[in-house]
Amino acid sequence: MTNKLSDKDKKDWQKFLKSSDKLHNKDVDQVNSHIIYERSIDLHGYTLEEANTKISKFIENCYVNKVKKINVITGKGMRSKNLDDPYQSKDLSILKHSVPEYIKNSPELMSKIINIDFDSVNSPSKGNFDIFLKTIK
């Protein structure tokens with residue numbers, strides 16, 4: 001390898017320095033095109049109302065930011081004090097069941113969703129479920 005530049009290279013370099021052309025910054029494109037494919041939200045400890053508000057905002061934010069999949073952690077509901085109250089639903093008073101129902105019954109949220117993994121919701125061994133979002137057109 002030689003350390004000498006050819007006359008053509010020198011002329012090209014001088015031409016570039018004198019011109020107003022700028023080099024394209026590839027790093028900017030990589031940052032702007034970065035897509036987060038999956039995000040998680042943990043709703044442990046929230047009331048039903050707080051969880052529903054939080055999940056609504058989270059879905060909206062993820063949709064706008066082109067997130068493809070949301071993992072919603074609700075817990076299994078095994079330690080819920082609602083199980084001892086005969087006047088409350090054993091399913092719908094527990095976040096594991098109420099949050100997906102809330103989402104399913106919201107046309108605005110469902111317009112952004114491809115699928116909710118109800119198999120995980122209905123599984124006694126799982127305390128989370130996935131939501132798959134549509135792509136903004």
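The values are calculated or read from the model by the stated rules, or taken from the named source; none is laboratory data. What you see is a predicted model; the values in this text were computed from it and never measured. Note: ideal-geometry Cβ built from the backbone for every residue, glycine included; neighbour counts use all protein chains shown.
Working only within region 119-131, note down all residues that are modelled with pLDDT under 90 and of a type outside the set (Gly, Ala, Ser).
Hits for region 119-131 are VAL121, ASN122, PRO124, LYS126.
Show me the helices (runs of 4 or more DSSP H) entirely contained within region 6-104 in which 2 or more residues are at pLDDT below 65 and either surrounded by 10 or more Cβ atoms within 10 Å (Cβ to Cβ) or not basic (Lys, Arg) (or both). Even if it seems obvious, please write down each step before you answer.
On the way: elements: 7-18, 26-32, 48-64, 95-104.
Of the helices (runs of 4 or more DSSP H) lying wholly inside region 6-104, those with at least 2 residues that are at pLDDT below 65 and either surrounded by 10 or more Cβ atoms within 10 Å (Cβ to Cβ) or not basic (Lys, Arg) (or both) span 26-32.
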